[in-house]
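The structure appears right after this line, and notes come after that.
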Amino acid sequence: MGEAREVEPSTTEGCEDCLRTGGTWVHLRECLSCGHIGCCDSSPNRHAAAHARAESGHDLARSFEPGEDWAWCYADQLLLLPVR
């Protein structure tokens, strides 16, 4: 499994894969290994999950939606919440 680290988003315009192919998205996720911005599992192409499967060690992603403060581990299917 990968480790979370400080990353820079690959784009702030939307799902980088959908932008390239003309697709649409519902919500965005940011890979906590490399900053890849992909669309969520409710989106037609599910690019965030596809990125996690294709890239070894890129299992952790956080919501890239304003006001949301949570992450997801694709390998363990586990929701991660901040300690308050």
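Computed from the coordinates by the stated procedures, all read-outs in this text should not be read as laboratory data. Just so you know, these numbers come straight off a predicted model, no measurement behind them. Counting neighbours? That spans all protein chains shown, and the Cβs are built from the backbone with ideal geometry, glycine included.
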inquiry  = How much length would be gained if the chain were fully extended between HIS27 and VAL7, taking 0.36 nm per residue of separation minus their Cα-Cα distance, in nm to one decimal?
reply    = 5.3 nm
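Using a 10 Å cut-off around each Cβ, can you sort SER63, SER56 from fewest to most neighbouring Cβ atoms?
Numbers: SER63 17, SER56 10.
Ordered from fewest to most neighbouring Cβ atoms within 10 Å, SER63, SER56 come out as SER56, SER63.
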ask   = If you add up the charges near LEU81, with Lys and Arg at +1 and Asp and Glu at -1, over every other residue whose beta carbon is less than 13 angstrom from its beta carbon, what do you get?
value = 0
ask   = Of the peptides 43-52, 19-28, how do they stack up when ordered by the mean number of other Cβ atoms within 10 Å, highest first?
value = 43-52, 19-28
Rounded to whole Å, sorted largest first: equivalent-ellipsoid semi-axes of the chain, Cα gyration tensor = 19, 14, 12
ask   = Distance in nm between label sites at ALA75 and CYS34, each 7 Å beyond Cα in the beta-carbon direction?
value = 1.6 nm
